[in-house]
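Any read-out appearing in this document is the output of simple, stated calculations on the displayed coordinates, not a laboratory observation. Since this is a predicted model, take the numbers as computed values, not measurements. All Cβ positions, glycine included, derive from the backbone under ideal geometry; neighbour counts span all protein chains shown.
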Amino acid sequence: MASTVYQRVASSSASETPGHAHAARSGIWVAIFAITMSFAALTSSLMVRQGSGDWKHIALPAVIYLNTVALLLSSLTLEMGRSRADYGSMSRRRDSLLWLIATLALGMVFVAGQYLVWQRLREQGLYLATTSNSSFFYVFTAVHVLHVLGGITALSVLIAGSASRQRVFRRSRFEATAIYWHFMGALWVYLLIVISVRL
Amino acid sequence: MEEAAVQPTHVHAPPEGFLRKYVFSLDHKVIGKQYYGLALVSVFIGMVLSWLMRFHLVWPEVKVHGLEVLSASGAPGGVITPEYYLSLLTMHGTLMVFFVLTNAPFAGFGNYFLPIQIGAEDMAFPRFNMMSFWTTFVAFVVLVLAFFIPDGPPISGWTAYAPLSAVGKDAGPGLGWGQNLWAISIAIFCIGQLLGSLNFIATTLDLRAKGMTLMRMPICTWAWFITSCIGLLAFAVLLPACLLLLLDRMAGTSFFIPSGLVVSDRLQNHAGGSPLLWQHLFWFFGHPEVYIAILPAVGIVSHVLITSMRKPLLSAKVLIYSMLSIGFLSWMVWGHHMFVSGMNPFSSLLFSFPTLTITIPATIITLIWLGSLYGANIQINSASLFALGFVSMFVSGGVSGFFLAQPSIDIYLHATYFVVGHFHMVMGVAAIFGILSGTYFWFSKMTGRMMNDSLGKLHFWITFVGTYCIFMPFHYLGLVGNVRRYASFVDDFMAPLMPVHKFVTIAAFVTGAAQFLFLYNLIYSRFRGQLASENPWHGTSLEWSIPSPPPWNNFGDKHPVIFHDPYQYGVKGSKGDFVMQDSPEQIVGG
């Protein structure tokens, strides 16, 4: 195990150390744990609030399913990029970079798509405070989009880092970003189920 | 975890320039001191607020000169209104719980000493660490701003119970922008603490020096690690709760405000919200917060006691497992704060059992301390006195918890001074004794100078006797039915209790004044104190293996290797009755 880590260090940028490479991965898992906890709190709030009886289901706009496809597809493109990343040299870097840019684009499509969903709801007269269902819908989706924007920032940093000064991907950063991005997809699937069933 | 043995090269460059060295520093030690400094400012503000409250309780008609400048409406002519009393109470609780009891023992000392004690050069994510402090600082500024707006600070208490906290200014003074600022501040504070907890966990898991297995970590490192795990979950729940509260207040949603609520003769335009939901979310954070305050103090006090006794604890392992049990159980007990909320009585019973179960690991910890102290030739100094004082407060405050954990008794005592006495002793004063013990102990390492021990002992005795004089009578007041959160008692059935209240108020003034001795000692010793050696207490953990104060990269170019458990005292070592963790020498005796 230790030798693997040494190899990783040798093949990554000079300032990265084995402990820190591991810490990046631990850190992202810890962050995921905290985000999960926040959404668990929001879900239990929804269940408590649903007991009040003023529950009026909302019809979800179809575009929400297209957004889901875009986000899930972006996980696939990210993995394509990861499988082509060579952390030690510039070879195949371009391939990987293109897949990463595709991931970033799909992420942006998702965010823009969610904005469209909010617009469709507004056209139906459903605003944040209109009903308890719409309140939860906007809270769930907006908080998720905020986290996706965090992922988009991380992807942009990764792409910028690779495209400019270092010219190679830093493995720990790439892995941490990938774990986070996949989690965003999984979290959205969970939220979509909650939204479809409960709202 | 073998890979944790590999030491990092420098994680950041040596700091250059005033801003990078002292303001936006990436150095965990500077950030630790910044947290401590913020806690120090907060604790003195909080203490002055408690003085004002105590003064008003016994002399409600007497002017406090100058207070009208701070709040013309809250203290017209210097006389505190009942509403402003509640504002002071809210700000006192919020400052003390969030900005003192969380900041100093966990974020302050933890930031400074956790990386050193595990042999790391810095935290795993120094930039996040810096952001964590400055986020917390912004939260502090936003909260304190509430004093200076016309509306004044909120009156809903540090627990901000809905619907009072959710409906806006109709519900009373301070519930307009004052409450908004409170909720924004706490939400920002949560973000800072989440960043900090993330850093603590990743650093402990991945940056330990070679040979530093988990069980070789000092007890206080364990305490900070467990606390960061608790904090991660607790603040992750409070953050969305604050978001929902803000939406109810500013966007017209109805998460916490029920239908048909009439406040100040006005029907509130909300429907179907659940005030109990806020209580559930808040206490799911709030009870673990008690352990966020107390567990680091448990760790610090154990560390200080062992060094002062010159012998290890009866079982450090059992103490660590007990802290882990407390951390685990802390998630199952939030409902014991809600026995009188109208919650299903069966739920109360369900929350009562784990609450009583927590007393088992807490008792084990206490017995380990007492058993280890038995027959020990303890060195008496300011640090060990405050550590012993902590044990005393922890037991005295903890025992009243047995009563409150039972719904049938809590229903009677819940809204009385008994509860105020209980949580002030076990959470507030005990944790502060832990902070003070840690300060007298580690000051030499943090500044390179010793604190004045005679002044420290005087500070201890006044504080120790004073806090008992303040908070023990609270229990008796509660038992005879003295309700809490009332601004004055002079004209009602509680008037016969006024002599006790006067006694408490005088004790509060004297005890508070003694804290200025500490402040003087802290400032004087920083510049004029006796120079400290590298290891003035003959300690064994890694912080005592480096210069006082440590260089920016802690261990210079050394990469510490750990050979021993953290507390090798009472042995024949080359330097005396101890062997340091990073000393390769064989242990003889012990």
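Would you work out the relative contact order for chain B, in percent, from Cα pairs under 8 angstrom that are 6 or more residues apart?
Across chain B, relative contact order equals 15 percent.
Within chain B, which whole H helices from DSSP have a Cα span along their axis of at least 27 Å and a mean Kyte-Doolittle hydropathy of -0.5 or more, if any?
B:28-58, B:126-145, B:177-206, B:219-250, B:275-309, B:345-373, B:382-404, B:453-479, B:498-528
Full extension from B:VAL262 to B:LEU350: what is 0.36 nm times the residue separation minus their Cα-Cα distance, to one decimal in nm?
Taking B:VAL262 through B:LEU350 to full extension adds about 28.3 nm, to one decimal.
Take the eigenvalues of the Cα gyration tensor for region A:20-198, scale each by 5, and report the square roots as semi-axes in whole Å, largest first.
Output for region A:20-198: semi-axes of 35, 18, 11 Å.
Suppose R0 equals 60 Å; then what is the FRET efficiency for B:LEU314 and A:ALA142 from their Cβ-Cβ distance, rounded to the nearest 0.05?
Using R0 = 60 Å, I get an efficiency of 0.70.
Just grab the label-to-label distance for B:SER533 and B:ASP557, each label 7 Å out from Cα along the Cβ direction, in nm (one decimal).
Taking the two extended label points, one gets 2.7 nm.
Using alpha-carbon positions, what is the distance between the centroids of region B:265-298 and region B:108-143, in Å?
One Cα centre to the other: 26 Å.
Can you tell me the relative contact order of region A:107-199? Whole percent, Cα pairs under 8 Å, sequence separation 6 or more.
30 percent
In nanometres, what is the gap between the two model label sites at A:ARG122 and A:LEU73, each 7 Å from Cα along Cα-to-Cβ?
With each label placed 7 Å out from Cα toward Cβ, I get 2.6 nm.
Using mean Cβ contacts within 10 Å as the protection proxy, how do B:111-118, B:335-342 order, highest first?
Packing order, densest peptide first, comes out as B:111-118, B:335-342.
Zone of B:TYR374 (label point 7 Å along Cα→Cβ, backbone N under 20 Å): which residues in region B:278-322?
B:302, B:305-320, B:322
Highest first, please rank the peptides B:571-577, B:246-252 by the mean number of other Cβ atoms sitting within 10 Å of their residues.
Output ranking for B:571-577, B:246-252: B:246-252, B:571-577.
Please state the equivalent ellipsoid semi-axes for the protein assembly as shown: what are the square roots of 5 times the Cα gyration tensor eigenvalues, largest first, in whole Å?
Equivalent ellipsoid semi-axes, largest first: 41, 39, 22 Å.
Give, rounded to the nearest 20 debye, the magnitude of the charge dipole that chain B has about its Cα centre when Lys and Arg contribute +1 at Cβ and Asp and Glu contribute -1 at Cβ.
Roughly 800 debye for chain B.
Neighbouring Cβ atoms within 10 Å as the yardstick, rank B:VAL97, B:VAL23 fewest first.
Placing the least packed residue first, the sequence is B:VAL23, B:VAL97.
Using a 7 Å offset from Cα along Cα-Cβ at B:TRP331, what residues in region A:21-56 end up with backbone N under 15 Å from the label point?
Only A:30-42, A:44 fall inside the zone, counting backbone N under 15 Å.
Counting only DSSP beta bridges with both residues in the protein assembly as shown, what percent are antiparallel, rounded to the nearest 5?
Roughly 90 percent of the beta bridges in the protein assembly as shown run antiparallel, per DSSP.
Ordered by residue, what ³J(HN,Hα) values in Hz, to whole numbers, does region A:193-199 give under the Karplus form 6.51 cos²θ - 1.76 cosθ + 1.60, where θ = phi - 60° and Gly and Pro are x?
5, 4, 5, 5, 7, 9, 9
Longer than 29 Å from Cα to Cα, which of B:LYS29/B:LYS210; B:LYS33/B:LYS457; B:LYS210/B:LYS572; B:LYS33/B:LYS63; B:LYS169/B:LYS502; B:LYS457/B:LYS502 are they? Say none if no pair is.
Cα-Cα > 29 Å for B:LYS33/B:LYS63; B:LYS169/B:LYS502; rest within.
Between B:VAL483, B:GLY398, B:GLY529, whose Cα lies farthest towards the positive end of the dipole of region B:380-535 when Lys and Arg beta carbons carry +1 and Asp and Glu beta carbons carry -1, centred on the Cα centre?
Of the listed residues, the answer is B:GLY529.
Can you pull the mean other chain C-beta count within 10 Å for peptide B:119-126?
2
To the nearest Å, what is the center-to-center distance of region B:546-590 and region B:169-227, using C-alpha atoms only?
Rounded to whole Å, the Cα centres lie 30 Å apart.
Counting only other chains, what is the mean number of Cβ atoms within 10 angstrom of the Cβ of each residue in peptide B:203-210?
That average works out to 4.
So for chain B, what are the equivalent ellipsoid semi-axes in whole Å, largest first, each being the square root of 5 times an eigenvalue of the Cα gyration tensor?
Semi-axes from the Cα gyration tensor: 40, 26, 24 Å.
What's the exposure ranking of B:CYS220, B:CYS469, B:CYS242, going from fewest to most Cβ atoms within 10 Å?
Lowest count first: B:CYS469, B:CYS242, B:CYS220.
If R0 is 56 Å, what FRET efficiency do you get for B:GLN586 and A:ARG84 from their C-beta distance, rounded to 0.05?
Approximately 0.55, to the nearest 0.05.
Can you give the mean number of other chain Cβ atoms that lie within 10 Å of the Cβ atoms in peptide A:46-59?
Averaged over the peptide's residues, the number is 3.
What order do you get for B:ASP265, B:ASP151, B:ASP492, A:ASP54 when you list them from fewest to most C-beta neighbours inside 10 Å?
B:ASP265, B:ASP492, A:ASP54, B:ASP151
How high is the FRET efficiency between B:VAL138 and A:THR153 when r is their beta carbon distance and R₀ equals 25 Å, given to the nearest 0.05?
It comes out at approximately 0.80.
Modelling each spin label as a point 7 Å along the Cα-to-Cβ direction, I'd like the A:ASP95/B:THR213 distance in nm, to one decimal.
4.4 nm
Do you know the relative contact order of region A:20-198, to the nearest whole percent, from alpha carbon pairs under 8 angstrom that are 6+ apart?
The normalised contact order for region A:20-198 reaches 31 percent.
Could you pull the Cα extents of region B:60-123 along its three principal axes, largest to smallest, in whole Å?
57, 18, 16
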